């Protein structure tokens, strides 16, 4: 069973502010929420320790780097026991940016980013479908990403 952490309204406010701008100084958060910077620091460290906050990251705009094709690929494996070795091979493909072990129609669902349809075709034929554990794939090309957000704290 998953253990969920208890957070209060101040924690939620801090999380929301950091999700909007992770570079917000603790002093600014303290003023905004009428608490001391030390309180902000303690709250953030507790949320880190509880794995509520797993880190901070730079969000890159793939389009500006030339990645014009985003697609999702459902992968069927020959056998469930092939999962770990297939996952290791998928992890080695730089075009794979996300992977999920799923129930339903596919064993694994991945998100790929490519610079062109030609590159996608190459990745599908010469890389992904060349993985011995992969029985079949189904590709869905994303036309746009109108909603992208974190969960609400």
### Task
Would you be able to tell me the number of residues in region 32-42 that are surrounded by 12 or more Cβ atoms within 10 Å (Cβ to Cβ) and part of a helix (DSSP H, G or I)?
7
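Considering region 43-65 alone, what residues qualify as being assigned to a loop (DSSP other than H, G, I, E, B) and surrounded by 11 or more Cβ atoms within 10 Å (Cβ to Cβ)?
Passing the criteria: 50, 52, 53.
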### Task
Could you list, in sequence order, all residues of region 106-120 that are part of a helix (DSSP H, G or I) and over 17 Å from residue 74 (Cβ atoms)?
117, 118, 119
### Summary
Among the residues of region 66-80, the number that are at pLDDT 95 or above and not in a loop (DSSP other than H, G, I, E, B) is 9
### Message
I'd like to know if region 79-100 contains one or more residues that are on the phi > 0 side of the Ramachandran plot and without any contact (Cβ under 8 Å) to a residue 60 or more places away in the chain.
### Response
no
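The values are calculated or read from the model by the stated rules, or taken from the named source; none is laboratory data. Keep in mind the model is a prediction, meaning the values are calculated, not measured. FYI the Cβ positions are ideal-geometry reconstructions off the backbone, even for glycines, and counts take in every protein chain you see.
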